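Notes to accompany the following structure.
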Amino acid sequence: MSEDKKRNDYENLPIILDKKLGVPIWSDVRELKLKYKMPLGKIKGFFTALSEEKILATRCPKCERTFFPPQVDCPYCRINDLDWIEVPKEGILETYTIITIKPTTFQHYEDYVLAIASFENNVKILTWLKIDDKDKIKIGMKVKLTVSKRLPEGYYIYELTP
Amino acid sequence: MSEDKKRNDYENLPIILDKKLGVPIWSDVRELKLKYKMPLGKIKGFFTALSEEKILATRCPKCERTFFPPQVDCPYCRINDLDWIEVPKEGILETYTIITIKPTTFQHYEDYVLAIASFENNVKILTWLKIDDKDKIKIGMKVKLTVSKRLPEGYYIYELTP
Amino acid sequence: MRDVAILGIGHSKFGKRTDVNFLELGWEAIKEALEDSGVSQEKIDFVAVSNFGLWSSEPSPVAPLLEYAGLNPTEAIRVEAACASGSAAVKAAYMAVASGSADIALALGIEKMHESGTGDVVELLARIGNYFWEFENFGPTFVGYYALYANRYMHDFGAREEDLAKIAVKNHYYGFYNPKAQFRKKITLEDVMSSPYIAWPLKLYDCSPITDGSAAVILASEDIAKKYTDSPVWIKAIEGATATSNLSKRENFISIPSAIEAAKRAYKKAKIDLEKPYKYIDVAEVHDCFTIAEIIAYEDLGFAKRGEGFKLAREEQTYIGGSIPVNLSGGLKSKGHPIATTGVSMIVELTKQLLQRVEPERQAPINNGLALAHNVGGTGHYVFVSILSLEK
Amino acid sequence: MRDVAILGIGHSKFGKRTDVNFLELGWEAIKEALEDSGVSQEKIDFVAVSNFGLWSSEPSPVAPLLEYAGLNPTEAIRVEAACASGSAAVKAAYMAVASGSADIALALGIEKMHESGTGDVVELLARIGNYFWEFENFGPTFVGYYALYANRYMHDFGAREEDLAKIAVKNHYYGFYNPKAQFRKKITLEDVMSSPYIAWPLKLYDCSPITDGSAAVILASEDIAKKYTDSPVWIKAIEGATATSNLSKRENFISIPSAIEAAKRAYKKAKIDLEKPYKYIDVAEVHDCFTIAEIIAYEDLGFAKRGEGFKLAREEQTYIGGSIPVNLSGGLKSKGHPIATTGVSMIVELTKQLLQRVEPERQAPINNGLALAHNVGGTGHYVFVSILSLEK
Ligand SMILES: [Zn+2]
Ligand SMILES: [Zn+2]
């Protein structure tokens, strides 16, 4: 047996040695890749409005509850086809944080400010707050809801600005 | 609004239209990729033997139960460090099938014969049966347990041959 | 233990449901069950949701479903037992009521498999068997697992592919009359026999499809049930059993030991004669994920002797009018098989059968007021057998 | 409803367990619980397993675990409620026994998070929040979610990062004495304050780690329990509640409504005064996935008035000798947080505390014989509050 072989008894196998303990670990040869297709048909109004830089919520004509994220069913009144209403552009910053350690699929972005803002009609929205100087962010400050281009992907999505 | 824009109201969004119903579908921008690292430390004996073209099972010195897949614990006697025993090379074909429609991560292989063979000591093994003429496969036939190279990956794994 | 009644049922249309999102699909069944029972959300004390997921985006689906359906702050859990997850959800809801932990409980089964492509669904299902010792290197598929059974069964007992095909023909026949079914199309023996092999000897038409769908049942204790309905259906038994993950560790490939065990327990609990259960049961839904599975189910449940299940198919004894009608919903084969929904869907169907609320062409004669559901997860990794009854 | 006793407990070493595979890790806790209770596998009627999985390979983990542990053909289900999955498993096992469906039931929590890399674990956890409306476009992480709470809490009540840090110091202090803990290292306020921000204002040392580990409890009905043990611990209450999946739909970001609700129900069931629960409870394990979570837990559980939880930390009132000792196991912070194991681990720890079986340095004085576990899934998507008692 060659010297090489002695160093790893598993050289013909997809086995790596744990760096710390030196124990053998099978390195999966079947990578699972999942990318979901999520139908939007019933709430397409939200996305067509988004193209026009409007953010919509739904409202139940019966109990007058507002829903954001928008949903077409009111579970309390058990009716569907709720009305669409526009969320006002001006809101109040409820809370925020700066995401430094990111999920794998967000690693390619700069650190981002995750924030929740409140609007009229009992609507609150979680999104990103775009701001040059992060030290100027204050809970309770006014924020604007806008639609802008997400790079590098190049699609449009809503976010907050001061 | 251009003619182009009319065809898809969602052109600035990761939205595709369902071919059949024409409904908008959000096409996930966050692909999930998972590849597992599975520790083998306690059953490394199986893999070092595999390099020597031997297939091992474990046996409990107390109740004499044989375990394949090999496990180091006997849950009935609650002892660990079971003995290793070699599975005989000759077995009997219990049943088989030919996999035509494959999982995503097996699409790159030719249609394969999935089979279960039985061996002495109450051991049964599920693996591939490699055979030139699939019409010659018969339940109850003798089969040999061997170790061979899995292509294109190039690692060694056990399989059955006539 | 308190007796547990079914107070209401809900069931979405099964199929490729790209017209709705995950939450809208869940609401379809919940809404129908609320309306059927007359119960409002705040009366529900416990929710059990079955959703295998992985092919759909929400990794912890209960919270968004409850939010959408106005069910917060109700206590809720998700349960999973592979393709028997639906029965496991009903069992959890049943235990909540039986124990007195809840007066009214909801079980929801939901699956939205078309959020992923076919290859990925095949991949995810295959991973359920046993990941490291079976999937990783040998890529069995679920059709493949059942093909191992089919091949051995045919070898041992002389059954033919045509016998298996007759199961598909029967189930499509009844599915044609079920408005909630994915495939509403009668098929012929030739249609099945000429369909391509997926995993020899199983062909495309031996297989249940990839399905989106939801189903819900609302359960209640006896005193509560009496307030809401004059026609409760009672859960006499819902008994589970398990078998090894590695198929190679099974005794044989012609029967499912956990199905035999679960049936034995359920019959005992419901006081049904183990020798001739089909004499007592008016109608059954059995887990025909593949045609061979229905034939083996006949034997595991005692509807036929070992090795003679295929004769029931050959002689058409499981149509209405035969010795015991099976899968009048169309079964998984024609109604569709949204993995974790299936067990709940079976309970919904049998409740309707017992109450004689299904379409006339597929209504079983209800003589004894007893119905059976047989729900298999994996290749018997988990099995639940349930007995419903018109009498307490 | 039958009374339910804890008959035996098992607990693996927590940490980066590359020395064992998934099944060996599960067996560690099961074996210990079997030995602790004196129960053998065939006496167990029902198994509930909590495993969030996704980061580990088996998508339907119950079957391989049962096969390995010699538990077939016992009826079994998996339950999930995000990071509260462990409590959900205990609840399912509890309901099985309370309903009479089982005489003896096993709840196993298991997680092997190190089968995936750190980035992927962060990714999978983040997906639990709400997939489409939160994760897909805005990539919140779980630290991020709790940082939204921390920031608002500090803003509203004048708490400082140092107050949060004191939680970490306390929990590491006790974890040092727990041989099963992942980190057995005392830390200083400076260690916490100088650790890097993960999601401002939360730093690395405000966060629980990625952990592999398993824990098991064996439950039994009163008559069975008496045969096996002279010192059963009783589950007086195990009550769950839920809140919205979308964090944006919560009333505020200083409290967790489902925790308040679950606590209220549990106190009511265990007949504990809602005003001063800490007068009754000898010791508590609360869900300190992040330091801020423990502070909010103090308030949601009624250990402190709203807005004053941080003062308990500041004044070190939750050490032994203070108004109520909390997380003497080391908590999620130091003991580790194998997601679906945590709830079971809490019950194991409190059973040992009540029986005065823990290491002397971290043993709470047991005066009233009551202990509380508070287990949060997501950011309150699911919460369970359990009360254990030495008296039935
Ligand atoms: Zn309304
Ligand atoms: Zn032994």
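Is it the case that A:Val87 is surrounded by 15 or more Cβ atoms within 10 Å (Cβ to Cβ), within 16 Å of the chain's Cα centre (by Cα) and touching a residue at least 12 places away in the same chain (Cβ under 8 Å)? Considered against the rule, which asks whether it is surrounded by 15 or more Cβ atoms within 10 Å (Cβ to Cβ), within 16 Å of the chain's Cα centre (by Cα) and touching a residue at least 12 places away in the same chain (Cβ under 8 Å), A:Val87 comes out as no. With the requirement that a residue be under 17 Å from C:Phe253 (Cα atoms) and more than 9 Å from every other protein chain (Cβ to nearest Cβ), what does segment B:119-136 give you? Within segment B:119-136, B:Phe119, B:Asn122 meet the criteria. When B:Phe46 is tested against (1) within 29 Å of C:Tyr149 (Cβ to Cβ); (2) surrounded by fewer than 14 Cβ atoms within 10 Å (Cβ to Cβ), only condition (2) is not met.
Does D:Asp206 fit the bill of being more than 9 Å from every other protein chain (Cβ to nearest Cβ) and surrounded by fewer than 18 Cβ atoms within 10 Å (Cβ to Cβ)? No, not satisfied.
The lone criterion from (1) more than 30 Å from D:Glu35 (Cβ to Cβ); (2) at the interface with another protein chain (Cβ under 10 Å from one of its Cβ atoms) left unmet by B:Pro88 is number (2). Scanning segment A:50-83 for residues that are of a type outside the set (S, T, N, Q), away from ligand 1 (no atom under 15 Å from the Cβ) and either surrounded by 15 or more Cβ atoms within 10 Å (Cβ to Cβ) or outside the structural domain of A:Glu120 (by TED's automatic domain parsing) (or both) yields A:Leu50, A:Lys54, A:Ile55, A:Leu56, A:Pro69. The single condition among (1) at pLDDT 95 or above; (2) away from chain B (no Cβ under 14 Å) that D:Pro59 does not satisfy is (2).
Mind listing whichever residues of segment C:13-31 are touching a His at 6+ places or on another chain (Cβ under 9 Å), more than 16 Å from C:Met346 (Cα to Cα) and part of a loop (DSSP other than H, G, I, E, B)? Within segment C:13-31, C:Lys16, C:Arg17, C:Thr18 qualify. Of all the numbered requirements in (1) hydroxyl-bearing (Ser, Thr, Tyr); (2) within 16 Å of ligand 2 (Cβ to nearest atom); (3) touching a Gly at 6+ places or on another chain (Cβ under 7 Å), B:Thr66 misses one, and that requirement is (3). Out of curiosity, is A:Glu94 more than 16 Å from ligand 2 (Cβ to nearest atom) and either in a helix (DSSP H, G or I) or on the phi > 0 side of the Ramachandran plot (or both)? Criteria not met by A:Glu94. A:Asn122 meets each of the listed conditions (1) more than 17 Å from D:Tyr149 (Cα to Cα); (2) surrounded by fewer than 16 Cβ atoms within 10 Å (Cβ to Cβ); (3) at pLDDT 95 or above apart from (3). Criterion applied to C:Leu7, C:Leu34 was being within 9 Å of chain A (Cβ to nearest Cβ), among the aliphatic types (A, V, I, L, M) and not in a loop (DSSP other than H, G, I, E, B), and the one residue passing it is C:Leu34. Residues in segment C:249-265 that are within 11 Å of chain D (Cβ to nearest Cβ) and either assigned to a helix (DSSP H, G or I) or farther than 22 Å from C:Gly309 by Cβ (or both): C:Lys249, C:Pro257, C:Ser258, C:Ala259, C:Ile260, C:Glu261, C:Ala262, C:Lys264, C:Arg265. As a summary of the residue check, D:Ser221 satisfies the conditions (1) under 30 Å from D:Ala5 (Cα atoms); (2) hydroxyl-bearing (Ser, Thr, Tyr); (3) away from every other protein chain (no Cβ under 14 Å) except for the one numbered (3).
In segment C:61-87, of all residues being in contact with a Phe, Trp or Tyr (Cβ under 7 Å, 6 or more places away or on another chain) and farther than 30 Å from D:Arg250 by Cα, the one that is surrounded by the fewest Cβ atoms within 10 Å (Cβ to Cβ) corresponds to C:Ala82. Restricting to segment C:131-159, count the residues that are more than 8 Å from chain B (Cβ to nearest Cβ), touching a residue at least 24 places away in the same chain (Cβ under 8 Å) and out of contact with any strand residue (DSSP E or B) (no Cβ under 6 Å at 6 or more places or on another chain). Residues that pass the stated criteria total 7. Checking segment B:50-63 against the condition returns a match, with at least one residue being free of Cβ contacts under 8 Å to residues at least 60 places away in the same chain, within 12 Å of ligand 2 (Cβ to nearest atom) and assigned to a strand (DSSP E or B).
I'd like to know if segment A:38-49 contains one or more residues that are more than 16 Å from ligand 2 (Cβ to nearest atom) and touching a residue at least 60 places away in the same chain (Cβ under 8 Å).
Taking every residue of segment A:38-49 in turn, none turns out to be more than 16 Å from ligand 2 (Cβ to nearest atom) and touching a residue at least 60 places away in the same chain (Cβ under 8 Å).
Screening A:Lys102 against (1) without any contact (Cβ under 8 Å) to a residue 24 or more places away in the chain; (2) among the basic types (Lys, Arg); (3) under 26 Å from A:Glu153 (Cα atoms); (4) within 14 Å of chain C (Cβ to nearest Cβ) leaves a single unmet condition, (4).
Please work out if D:Ile292 is closer than 22 Å to D:Ile104 by Cα and either of a type outside the set (Gly, Ala, Ser) or not in a helix (DSSP H, G or I) (or both). Break it down into steps so the answer makes sense when it comes.
Values: closer than 22 Å to D:Ile104 by Cα: no; either of a type outside the set (Gly, Ala, Ser) or not in a helix (DSSP H, G or I) (or both): yes.
Considered against the rule, which asks whether it is closer than 22 Å to D:Ile104 by Cα and either of a type outside the set (Gly, Ala, Ser) or not in a helix (DSSP H, G or I) (or both), D:Ile292 comes out as no.
I want to confirm something. Restricting to segment B:73-84 and keeping residues that are assigned to a loop (DSSP other than H, G, I, E, B) and more than 7 Å from chain D (Cβ to nearest Cβ), which single residue is nearest to ligand 2 (Cβ to nearest atom)? Filtering segment B:73-84 for residues that are assigned to a loop (DSSP other than H, G, I, E, B) and more than 7 Å from chain D (Cβ to nearest Cβ), the one nearest to ligand 2 (Cβ to nearest atom) comes out as B:Cys77.
Only one of these conditions is not met by A:Glu94: (1) acidic (Asp, Glu); (2) in contact with a Leu (Cβ under 9 Å, 6 or more places away or on another chain); (3) in contact (Cβ under 8 Å) with a residue 60 or more places away in the chain. Which number is it? Result: A:Glu94 passes all but (3).
From the list C:Gly336, C:Gly331, exactly one residue is on the phi > 0 side of the Ramachandran plot, in contact (Cβ under 8 Å) with a residue 12 or more places away in the chain and touching a Ser or Thr at 6+ places or on another chain (Cβ under 6 Å). Which is it?
Answer to the selection: C:Gly336.
The number of residues in segment D:63-79 that are within 20 Å of C:Val376 (Cα to Cα) and touching a Leu at 6+ places or on another chain (Cβ under 9 Å) comes to 8. Of D:Glu316, D:Glu361, all but one fail to be in a helix (DSSP H, G or I) and closer than 21 Å to D:Thr188 by Cβ; the exception is D:Glu361.
Please enumerate the residues belonging to segment C:5-26 that are among the hydrophobic types (A, V, I, L, M, F, W, C), within 17 Å of C:Ser50 (Cα to Cα) and in contact (Cβ under 8 Å) with a residue 60 or more places away in the chain. Write out each step before concluding.
First, pick out the residues of segment C:5-26 that are among the hydrophobic types (A, V, I, L, M, F, W, C): C:5-7, C:9, C:14, C:20, C:22-23, C:25.
Subsequent filtering for residues that are within 17 Å of C:Ser50 (Cα to Cα) retains C:9, C:14, C:22-23, C:25.
C:Ile9, C:Phe14, C:Phe22, C:Leu25, listed by residue number.
The values are calculated or read from the model by the stated rules, or taken from the named source; none is laboratory data. In this text, all values refer to a predicted model and were calculated from it rather than measured experimentally. Cβ: placed from backbone, ideal geometry, glycine included. Neighbour counts: every protein chain shown.
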